[in-house]
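What follows is one structure encoded as structure tokens, with my remarks underneath.
None of the figures in this text is laboratory data; all of them are computed from the coordinates on show. Predicted, not measured: the structure shown is a model, and the values here were computed from it. As a convention, Cβ positions derive from the backbone with ideal geometry for all residues, glycine included, and neighbour counts pool all protein chains shown.
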Amino acid sequence: MKTKNLIAAAAFAALIISCKKNEKKEVISTNDSLVVVKDSVVIPEIYTEYYGIYTGEFSGTGMQADQISDEIFDDYYGRKRLSLKINRITQDSVYGQSIVNGNQRPFRGVFNESAKSFVLDEPGNNKSDGRFELKLKNDSLTGKWNVYNKSAVKIPNKKLKLIKKEFVYNPNFMIDKDSDIIDWTNPKEFKEKYTDEETGKSESYTTSKNRVASDAVFKINASKQKLTEKDLKNLRKLDLEIIKNSVFARHGYSFKKETFRYFFEQTDWYIPVSDNVDAEITPLEKENVALLARFTKYAEDKYDSFGR
């Protein structure tokens, strides 16, 4: 009798386990809305037509020109590309991420259908977190962002104008041939000598120069061609850096360094979508990136004087 009871119990347990393994979350469609059924709770996803990536400029507001110090001039006037990814909208909440300057932050908020407006809050556990207040019109979002901790950042209030764009990886993407390829963010001082032709007297003076890339950045594509040492041996350090980082830009990497943001934000194809794209890099690109990194260690830069 005991043996029969044990067999019956074991069979019952196996049946329960089998049922749990075969249990699935059901997704059905009702009135063109996605409905997720989980633990008998129905959570409809609505306004799915608003899902996607909205990208555009992110600039400072609320300051007069004479209040802007040299230290924050570039931060105020410089071009910064912000992307907002809206992943999910329900009756009560909006979920997604903001991506700017190499920082990817989650947000949660609400959508007001009658006003066609979003209020989106970043978590608040990072000094650069804040609130987005945006109006939706067709495929664009306009509005403002205010940081929570106004003493933590240089520019606490910023305005936004974002356009909905579909991110696509394309190995053919290149920096535009009319792009500015001067590194304005890392000037270097040089001592030079001036000699007066009439008197023959010489004077030393200090001048500031900037790194400049060559036309190689418009020709060499590390996402399509297998690079060799011969391809790279005569390139400048800035050339190698731009060619290498073009790989990451094509995959939507959000650059922390202003130098690289500046080069790629001049294009119309660059859309920052993530602060980590390592898993997306192709085997060919990985091999080329490693070679470029090796050459970068020993390469030299060319500096020149430029007005701005």
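If a/c stays under 1.5 just call it rounded; otherwise compare a/b with b/c (prolate if a/b is bigger, oblate if not). Do that for the range 214-308, with a ≥ b ≥ c from the square roots of the Cα gyration tensor eigenvalues. Taking the square roots of the gyration eigenvalues as a ≥ b ≥ c, the range 214-308 is oblate. For the cross-link pairs K135/K158; K209/K286; K154/K188; K226/K302; K116/K256; K85/K226, the ones whose C-alpha atoms lie over 23 Å apart are K209/K286; K154/K188; K226/K302; K116/K256; K85/K226.
Rounded, prolate or oblate: pick one for the range 128-280, where a ≥ b ≥ c are the square roots of the eigenvalues of its C-alpha gyration tensor, a/c under 1.5 means rounded, and failing that, prolate if a/b is larger than b/c, else oblate. Because a/c hits 1.5 or more and a/b fails to exceed b/c, the range 128-280 counts as oblate. Using the Cβ-Cβ distance between F190 and K230 with R0 = 22 Å, the FRET efficiency computed as 1/(1 + (r/R0)^6) comes to roughly 0.10. Cβ-to-Cβ counts within 10 Å put T199, T282 in ascending order as T199, T282, the fewest first.
Sketch the reach of a paramagnetic label on S305 as a point 7 Å from Cα along Cα-to-Cβ, and name the residues of the range 152-196 whose backbone nitrogen lies under 15 Å away. Once the point is set 7 Å along Cα→Cβ of S305, 188-196 turn out to lie under 15 Å by backbone N, inside the range 152-196. In terms of surrounding Cβ atoms within a 10 Å radius of their Cβ, F190, F111 rank from fewest to most as F190, F111. Each of E280, E265, E203 was scored by other Cβ atoms within 10 Å of its Cβ. Listed from fewest to most, they are E203, E280, E265.
Extending 7 Å from the Cα toward the beta-carbon at both K127 and T267 defines two label points whose distance is 3.2 nm.
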